[in-house]
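Enquirer: Take a look at this one; I'll ask things after.
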Amino acid sequence: MEVSKQKESQFEILSIAEVSASSSDTSFCKSEPVCARFGSGSGFSKLRFGQESETSADIAFDLRISQLFKLGPAESLCISEASEANKEKAYSRGISIQFKNEEESRAFHCAFEQWKTEVVVQGSPLPNGVVSTSKSKFDDKIEASSAKMYFHYYGQLLHQQNMLQDFVRTGTYYAAVIENRADFLGRVVVDVGAGSGILSLFAAQAGAKHVYAIEASEMAEYAKKLIAGNPSLSERITVIKGKVEEVELPVKADILISEPMGTLLVNERMLESYVIARDRFLVPNGKMFPTVGRIHVAPFSDEYLYMEIANKAIFWQQQGYFGVDLTPLQRSAYEGYFSQPVVDAFDPRLLVAPAISHVINFTSIKEEDLYEIDIPLRFTSSASTRIHGLACWFDVLFNGSTVPRWLTTAPGAPTTHWYQLRCVLSQPLYVMPGQEITGRLRLVSHKAQSYTIYLRLSATVGDVLQTSSGKLDLKEPYYRMSQPQAYSLAQDQQPNQLLQAQDILTQSRDEDGSVPVQQPSPNFCAELHSL
């Protein structure tokens, strides 16, 4: 716990008077000089009023919940907020302060602001953890409006229910934990972004010594209720409301568990918080569930989807819409529709080349490496067709000591609430069988807790080089859930074909700029198992 390095500050006040809530109340008043002291105690800064010779203060204000207003050149009002349980803005007490002169008033106000903002303060302690209320790295890189909507969304039970009812997701997490009891038995576990607390309960079921469930949204209160309703497990679980960037824990964790995956794995930028939790809380060589993530990409052909998006801009072709020519906005509208990644479940037979993959190892990646992700692309077309863009999905590995288990969102696999994602290009490419397709996929993070997607694909037909590029916002997808989405594998398609396509790993570029690809070794999971 950090504490202020400032020494106690002291001011002589001409007089103070307590502002009563009712005229019938007897207000505290001291007309003789009063000593005002700024200092830190119990991990946070306080303002105390009393006689200079007294050791105890008559009145004390917690600066975390106090405000100071200037009423005149030498008069101010200090007020303290009431309990957070009161939803309306209310104040528990107020003190009118009379200074000797305007200069002393200014000095007092400066000291008040300095102690209120510069001191690193700590929030109320929980049974086994402490929450910091100081500004964190999360606040520096994420827009306040985006964070507010994000935590509001995950603070609602209906959205938690949507995730809990994704039985592929929840069932895989349960199996990964219970099948690997040896990793949890007698261990300290931290649940990063605990939500409803379901993963914390799984860890406790597996025999965890203690679980710290960290949740920043109001869902933390529901998690407490759910955990308290399971008394055989609740004694070993502590819910802490706060961000992982701010929370302090009394011990290090042996294992982290989390569900930090968003659309295309990285949306919502929670992977960064997962990595920060690793650096702050995990013991050396501690385990992470999940351990590894992979983003899979492959070119696709879908004439129906392409026309569906392009036709949305037809509205703006009207030259006589109630006497108004709309065509000046047609191009902007057209580009706007193609800037939306499409989220739905698609038939894997739409893929025109085996997928390649970009691996993210959560145990070793640096937080800054997630700010921009660059994936070089190289495919070989399997058909004569038009390529309409790039299809994307992801999977994660729970590298347990007993049973390594994968959770996949691949097309053709049981559908999850993540579905798949497709980046549709406004200008398709024509390719022939055996045609080489090259390009680049860049994901650049932004402060709205998401990424800007830059996609470029190129193919040469004869002597003609075709190149198509697009810029898409992962924050603003087109949810295409009204279309058929539960595709099954074709009768002539072997179940392992798709998995083999997923397991082609992208390697580093050669000096000549080419991107070699290789099939992984048969014991790929065993190799990851040693991570």
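Enquirer: Any chance you could list the semi-axes, whole Å, largest first, of the equivalent ellipsoid that the Cα gyration tensor gives for region 190-236, using √(5λ)?
Expert: They are 16, 12, 7 Å, listed largest first.
Enquirer: Which value in Å does the Kirkwood hydrodynamic radius of region 153-259 take, with 1/r averaged over all unlike C-alpha pairs and then inverted?
Expert: When all Cα pairs of region 153-259 are included, the Kirkwood radius is 13.6 Å.
Enquirer: A further question follows. With a 1.4 Å probe and all protein chains left in place, how much of the accessible area of region 293-479 comes from carbon and sulfur atoms, in whole percent?
Expert: Answer for region 293-479 is 53 percent, counting heavy atoms of protein chains only.
Enquirer: Run the 1.4 Å probe and let me know the accessible area of residue 113, rounded to the nearest 10 Å².
Expert: Probe radius 1.4 Å; accessible area of residue 113 about 90 Å².
Enquirer: Moving on. For region 388-472, what are the per-bin percents of Cα-Cα distances with bins 5 Å wide, up to the bin holding the maximum?
Expert: Pairs per bin, as whole percents: 3, 11, 17, 16, 17, 15, 10, 7, 3, 1, 0.
Enquirer: I've got another one for you. Hey, can you find the accessible area per residue of region 293-479 for me, probe 1.4 Å, expressed in square angstrom?
Expert: Here the residues of region 293-479 average 41 Å² of exposed surface.
Enquirer: Still on this structure, please answer the following. In units of 2.2 N^0.38 Å, what is the alpha-carbon radius of gyration of region 211-257?
Expert: Output field value: 1.15.
Enquirer: Next up: What's log10 of I(q)/I(0) for region 293-479 at q = 0.08 Å⁻¹, Debye sum over Cα points only, no solvent?
Expert: -0.30
Enquirer: Ignoring ligands, DNA and RNA, what percent of the accessible area of region 153-259 is carbon or sulfur (1.4 Å)?
Expert: On the way: 2230 of 4170 Å².
On region 153-259, the fraction of accessible area on carbon and sulfur atoms equals 54 percent.
Enquirer: Another one. Which pairs in the list 70/141; 141/241; 224/475; 46/252; 224/252; 447/471 are over 27 Å apart, alpha-carbon to alpha-carbon?
Expert: Over 27 Å Cα-Cα: 70/141; 224/475; 46/252.
Enquirer: Just to confirm, what accessible area per residue do you get for region 153-259 at 1.4 Å probe, in whole Å²? Before the final figure, lay out the partial values.
Expert: Numbers: 4170 Å² over 107 residues.
I get 39 Å² per residue for region 153-259.
The values are calculated or read from the model by the stated rules, or taken from the named source; none is laboratory data. From a predicted model like this one, the values you see are computed outputs, not experimental measurements. In case anyone asks, the SASA skips ligands and DNA or RNA and just uses the protein heavy atoms, side chains included. Shrake-Rupley method; radii C 1.70, N 1.55, O 1.52, S 1.80 Å.
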